[in-house]
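Chemist: Shown below is the structure under consideration.
Bear in mind these aren't lab numbers, they're just calculated from the coordinates by the rules spelled out. The structure presented is a predicted model; accordingly, all values stated were derived computationally and were not measured. Glycine also receives a Cβ, built like all others from the backbone with ideal geometry; neighbour counts cover every protein chain displayed.
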Amino acid sequence: MSRRLDGGGPVAPETVVELEGVSKEFAQGKTVALRDIDLAIGQGGFISLIGPSGCGKSTLLRIIGDLIQPSAGRVTVHGKPAHQARLDRDYGIVFQHPVLYDWRTVAKNIALPLELLGWDRGRRADRVKEMLELVELTGFENHHPWQLSGGMQQRVSIARALSFSPALLLMDEPFGALDEMTRERLNMELLRIWQETGSTIVFVTHSIAEAVFLSTRVMVMSARPGRISDVLEVDLPQPRSAALREDPRYFELVTQVREALVRGGADKVFEELSFDELAPEEGE
Amino acid sequence: MGQVLRRVGVFVLVMAALWGLWEGWRAIGTHFKLTWPFAVNDTTMPHLHRIVQSLFEPAQVNGPWLIDILWHASLFTAKECVVGFALGAVIGFAIAVALSQSRFLERGFIPYIVASQTIPLLAIAPMVVIGLGTKGVKDWVSVSVLAAYLTFFPVAVNALRGLQSADPQAVELMRSYAAGRWRILWKLRVPSSLPYLFSAFRIAAPLAVVGAIISEPAASIQGGLGGAIVNFSQYYTIEPQELWATNIITALLGILFFVAVVLAEKLIVRRAPEHYA
């Protein structure tokens, strides 16, 4: 499968995620994490959310994924409420930490969502094999997570998120804990996977370079209250190659995002607790 | 192989050092006629070789060797311990699962669970033995129930902590797969709790032995180690080495249970090597 769209072809892509007037308050309204967020994400888009710590970008991601509830506003995914989308398993989630299960092998970690979906053993094994090829970890199926490097663990986590072919991939600083070289390699790998699977990706990051390099659109957020202060379309050609990192247009866009961040107040120091760290409530 | 040899070497060295300390203190104590902290003589500190030797002598005239008596007593007590340990583990874990499902339950019940351990076993033994006896339950099963009364506590407390130890992001992931409460419990919380559960089992294993031994006299059971201890206590001034020998066998039984738990943990719990104790 190859990618057709971006930057608005003749046919507007189908909307996958739509947020209307989404706000989130913590501590009985004493802290406003997000205020009045409107956004629409089209099919096949690669959207980055970038902003300073505490701007609520992880909170926004969790609201899209129905892991926390907004205080106000509406979240629609594929035309249905986020809650229904979660029950329909529309989301694949990747966190900054791989969150693999120590007691499961690589293969069994990847198969976890498939078990919950009730796939039989044979079908699971076939899919795990495919996924291992996709993230280039064939041969590691019987390793335990602690036997892998950080980058490899994160690839397992991506394979797990993609194993059940969710329409929407939510990634919360997935490469934030990795060294620069591993990060750039996984950036390329993620782009390839995105091309191959055609999924829609919402990607939270701290890195301006990463946001520009990967995305079709960068949403710049500002803090207190968290809101989307700028939206930049990234008109770099597809598919992206490593050479793009030296392209003048790439530098221009990086500068634009940086300026947008400064306009949003990202250069000021936020000493208060980050909303990203607040534990989500549990319960079905 | 070298590692096994080294371990055996350390074991032998430690044993030898303890032996030396015992006999050394004994020699000093008898030579200088120490009375502080206690008088040292053949009654308070029999020779260690006398203790070991007594195992291979008849406890009564023309009777079987002491070790033969203690072997059968150990088997009997071990049976009570295994059942008591299993019962305590199941009950403790069930309590932990129930409490992990609701803060309200947890807050409400934890004080009573803690309070249960402030009641001495001897105080509830008659109720259990007589109560269960009227239902036709064998006395040794009552002893198991009393041992379980001791062992359920560390299991319940640790398992609860273990069930609550699951990574919050792992819980979010499970929710993103539309997993409900029970599947999160089974696929995530229970496996996350296993290391906690096994540290509880390490505490509970020797506790089961202690519980069984204390409860045996209360249930008027004489065929176990508890019975043997009561019996040999009465002859302590004449034959102190027999009680000491019984104590050593009792300790061995506790250690055996502990080691069994550690081995089971190695087989069952899969986790990063740096987490191993």
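Chemist: Using only helices, what value at 222 nm comes out for chain B when you add -39,500 (n - 2.57) per DSSP H run of length 4 or more and divide by the total residues, to the nearest 500 deg cm²/dmol?
Modeler: Here the helix-only value at 222 nm equals -25500 deg cm²/dmol.
Chemist: Separate question: Simple spin-label model, 7 Å along Cα-to-Cβ: B:S220 to A:K30 in nm?
Modeler: 6.5
Chemist: Under a plain spin-label model, where a point goes 7 Å from the Cα along Cα-to-Cβ, how far apart in nm are A:D120 and B:A94?
Modeler: 3.6
Chemist: Further question on the same structure: Looking at chain B, which longest stretch skips every one of the trypsin sites (Lys or Arg not before Pro) that is in a DSSP loop with at most 13 other Cβ atoms within 10 Å, leaving the sites themselves out?
Modeler: B:139-277
Chemist: While we're here: Could you let me know the centre-to-centre spacing of segment B:197-270 and segment A:15-63, using Cα atoms, in angstrom?
Modeler: The two parts, judged by their Cα centres, are 61 Å apart.
Chemist: Where nothing but the Cβ of Lys and Arg (+1) and of Asp and Glu (-1) is charged, how large is the charge dipole of segment A:11-80 around its Cα centre, in debye to the nearest 20?
Modeler: 260
Chemist: Across segment B:218-235, in residue order, what do the Karplus-derived ³J(HN,Hα) couplings come to in whole Hz, using 6.51 cos²θ - 1.76 cosθ + 1.60 with θ = phi - 60° and x for Gly and Pro?
Modeler: Couplings: 5, 9, 6, 8, 10, x, x, 5, x, x, 4, 5, 4, 4, 6, 4, 5, 9 Hz.
Chemist: Checking the cross-link filter: which lysines have an alpha carbon closer than 27 Å to that of A:K108, excluding same-chain neighbours under 8 positions apart?
Modeler: A:K129, B:K187, B:K266
Chemist: Taking the Cβ-Cβ separation of A:Q69 and A:E259 as r and a Förster radius of 30 Å, what is the calculated FRET efficiency to the nearest 0.05?
Modeler: 0.30
Chemist: Over chain B, with a Gaussian network built from C-alpha contacts below 10 Å, which listed residue (B:H47, B:H72, B:H31) shows the highest mean-square fluctuation?
Modeler: B:H31
Chemist: Please find, in a Gaussian network model of chain B (springs between Cα atoms separated by less than 10 Å), the residue of B:I130, B:I28, B:I184 whose mean-square fluctuation is greatest.
Modeler: So, out of B:I130, B:I28, B:I184, the one fluctuating most is B:I28.
Chemist: How large, in Å, is chain B by the Kirkwood hydrodynamic radius built from its alpha-carbon pairs?
Modeler: Computed over Cα pairs of chain B, the Kirkwood hydrodynamic radius comes out at 21.7 Å.
Chemist: Moving to a separate point now. Under 25 Å from the Cα of B:K135, which lysines turn up, not counting those fewer than eight places away in the same chain?
Modeler: Counting by Cα, and skipping residues close in sequence, B:K135 has these lysines nearby: B:K79.
Chemist: Name the long-range amide H neighbours of A:G264: under 5 Å, sequence gap of 5 or more, or other chain; modelled H, no Pro or chain starts.
Modeler: The list, which skips near neighbours in sequence, is empty: none.
Chemist: Under 12 Å from the Cβ of A:T182, count the other residues' Cβ atoms, weight Lys and Arg +1, Asp and Glu -1, and hand me the total.
Modeler: -1
Chemist: Given the C-alpha centroids of segment B:124-139 and segment A:160-192, what is the distance between them in whole angstrom?
Modeler: Result: 62 Å between the Cα centres.
Chemist: I need the Kirkwood Rh of the protein assembly as shown: take the reciprocal of the average 1/r across all distinct C-alpha pairs and report it in angstrom.
Modeler: 28.5
Chemist: How high is the relative contact order of chain B, in percent, with contacts defined as C-alpha pairs under 8 Å that are six or more residues apart?
Modeler: 23
Chemist: Residue-wise, which Karplus ³J(HN,Hα) couplings in Hz belong to segment B:185-193, taking 6.51 cos²θ - 1.76 cosθ + 1.60, θ = phi - 60°, and x for glycine or proline?
Modeler: Once θ is set to phi - 60°, the couplings for segment B:185-193 become 4, 6, 8, 10, 5, 5, x, 5, 7 Hz.
Chemist: So what's the net charge close to B:L13: Lys and Arg +1, Asp and Glu -1, counting the other residues with Cβ under 15 Å from its Cβ?
Modeler: +2
Chemist: Rounded to the nearest 0.05, what FRET efficiency do B:I268 and B:R181 give with R0 = 22 Å and r taken as the Cβ-Cβ distance? Could you check?
Modeler: Once rounded, the FRET efficiency stands at 0.35.
Chemist: Taking chain B as a Gaussian network, where each spring joins two C-alpha atoms under 10 Å apart, which residue of B:Q234, B:Q169, B:Q222 fluctuates the most?
Modeler: Most flexible of the set in this elastic network: B:Q169.
Chemist: Would you mind giving the three semi-axes, in whole Å and largest first, of the ellipsoid equivalent to segment B:156-277 according to its Cα gyration tensor?
Modeler: 44, 15, 9
Chemist: Mind listing the phi-derived Karplus ³J(HN,Hα) values for segment A:71-84, rounded to whole Hz, using 6.51, -1.76 and 1.60 with θ = phi - 60°, and x for any glycine or proline?
Modeler: 6, 8, x, 10, 10, 10, 10, 6, x, 10, x, 4, 4, 5
Chemist: I've got another one for you. Cross-link candidates for A:K80: which aspartates and glutamates have Cα within less than 14 Å, leaving aside residues fewer than 8 places away along the same chain?
Modeler: A:E14, A:E18, A:E20, A:D66, A:D88, A:D90
Chemist: List every residue whose amide H lies under 5 Å from the amide H of A:I68, counting only residues 5 or more places away in sequence or on a different chain, with H placed 1.01 Å from N in the peptide plane.
Modeler: Excluding prolines and chain starts, which carry no amide H, the hits are A:I63.
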